[in-house]
Amino acid sequence: MKLYNFFEKTANLGDAKFSAPKKYKKQLEKIYFILDFLVINMYNIRMLHNIRILRIILNIRIFSNISIFIKRCTFLKIIAIANQKGGVSKTTTTQAAAEILNGKGKRTLLVDLDPQSNLSFAVGAKIENELTIYNVMRGEEKAENILQKTPSSDILPANILLSGADIEFTATGREYLLKEAISDIKQKYEYIIIDCPPSLSILTINSFTASDYILVPSLADVFSLQGMSQLNTTVQSVKRYCNQSLKIAGILLTKFTQRNIISQNIKETFDGITQQMNTKLFNTCIRNSIALQEAQLQQKSLLEYAANSNAMEDYINFVSELEEIINE
Ligand SMILES: Nc1ncnc2c1ncn2[C@@H]1O[C@H](COP(=O)(O)OP(=O)(O)OP(=O)(O)O)[C@@H](O)[C@H]1O
Ligand SMILES: [Mg+2]
């Protein structure tokens, strides 16, 4: 039995099982189960004295660990944060999610795809007379040359020049400009989060084409409800023509007031809409916190400046929910 104990200890060295994404964990556990079964049975019939067989089993186990490690390295998820309605916390959610993910040690990149460049401003990126995502989408620059590092996150910034995108980007393949623009640097990151403008324009369509998931922040009000079917129609059309694997990760209610009865009723209606959109309503709702606005005005990190606010507490819970959906 000593030999078996030794084998167990050696094989568990550098074990990737506990750090692998959920779906790979299950695969790895199956492989381990079969190998353990073999080892025990071979020990019983005294075959384990053959050192070559032991070495083969050990190699399979190490190989499966390495392959999981490689899969982890390529575990990039691109998330578009979109809603054609203005002022629903798209930019704030993008910034908060990136800060929280970076804080958890996940390499995260922000992409500002809104000509208003609110995200670039909030994280303190330079935008005046700077090269931006606009130049990369035009094919004039590489993404790595416009990348800026800020205390919140790495960012590909935007500026007002993007506002001409609908008129300017007219050539065939115009839906794929962003996907191509980030293709060179995307392997350096685990998460890329795109802040979309408040429209269903070519910029938003580019973000859907480049993404794995869409996250929809929304207010709990009737006008926001109205906009959902229009958003869903655009998503379905991008799925059909440009990006089959696109999914809606969920709808996140923001600036939420729990004591407000209308908000509670609308929350229930949203539950129904999410079923039609084949997605879910996040359990977490983001509460109102003035500290978020103050932090953005002063270009401070949300996690530092608004650390004790209700909204940041909610954002931390929301990011955990989001990670679960993505790791499923
Ligand atoms: N939970 C919150 N509590 C209080 N204020 C918030 C909250 N979330 C966002 N805000 C504020 O609401 C305003 C609009 O938010 P934000 O810019 O994130 O929305 P948006 O959807 O990106 O807007 P746009 O459609 O113009 O891009 C900002 O001033 C922001 O600071
Ligand atoms: Mg915005």
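Where a number appears in this text, it was derived from the coordinates with a stated rule and is not lab data. Here the structure is a predicted model, which is why all the values come from computation and not from measurement. Virtual Cβ from ideal backbone geometry, glycine too; neighbours counted across all protein chains shown.
Each Lys and Arg adds +1 at its Cβ and each Asp and Glu adds -1 at its Cβ; summed about the Cα centre, the chain shows a dipole of about 1680 debye. Per-residue ellipticity at 222 nm computed for the chain from its helices equals -15500 deg cm²/dmol, with DSSP H segments shorter than 4 residues left out and the rest contributing -39,500 (n - 2.57).
Sites counted here are trypsin sites (Lys or Arg not before Pro) in a DSSP loop (not H, G, I, E or B) having no more than 10 other Cβ atoms within 10 Å; the longest part of the chain that contains none of them is 47-258. Across region 120-180, the relative contact order, built from alpha-carbon pairs under 8 Å that are at least six residues apart, equals 35 percent. In this structure, the amide hydrogen of LEU281, modeled 1.01 Å from its nitrogen in the peptide plane, lies closer than 5 angstrom to those of ILE251, counting only residues at least 5 positions away or on a different chain. 3J(HN,Hα) couplings calculated from phi for region 247-262 with the Karplus curve 6.51 cos²θ - 1.76 cosθ + 1.60 (θ = phi - 60°) are, in sequence order, 10, 8, 5, x, 10, 10, 7, 10, 6, 8, 10, 4, 7, 7, 5, 4 Hz; Gly and Pro show x. Note that region 207-223 has calculated 3J(HN,Hα) couplings of 5, 5, 5, 8, 9, 8, 9, 10, 10, 10, x, 8, 7, 8, 9, 5, 5 Hz, one per residue in order, obtained from phi through the Karplus relation 6.51 cos²θ - 1.76 cosθ + 1.60 (θ = phi - 60°); glycine and proline are x.
When SER320, SER153, SER224, SER199 are arranged by Cβ crowding within 10 Å, least crowded first, meaning fewest neighbours, the order is SER320, SER199, SER224, SER153. Take the Cα of THR269, step 7 Å toward its Cβ, do the same at GLN244, and the gap between the two points is 3.7 nm. 3J(HN,Hα) along region 176-187, derived from phi through the Karplus expression 6.51 cos²θ - 1.76 cosθ + 1.60 where θ = phi - 60°, amounts to 9, 4, 6, 4, 5, 4, 9, 4, 6, 10, 5, 5 Hz, with x in place of Gly and Pro. Spatial offset of region 85-133 relative to region 222-282 amounts to 22 Å, using the alpha carbon center of each.
Relative to the current alpha-carbon distance between THR233 and GLN27, full extension at 0.36 nm per residue lengthens the span by 70.6 nm. Here the chain yields Rg over Rh of 1.08, to two decimals, using C-alpha coordinates and the Kirkwood radius. Each Cα pair under 8 Å and six or more residues apart adds its separation to the average, and for region 76-327 the resulting relative contact order is 25 percent.
In this structure, the residue pairs whose Cα-Cα separation is over 32 Å, taken from LYS85/LYS126; LYS149/LYS267; LYS142/LYS300; LYS188/LYS267; LYS26/LYS142; LYS26/LYS300, are LYS149/LYS267; LYS188/LYS267; LYS26/LYS142; LYS26/LYS300.
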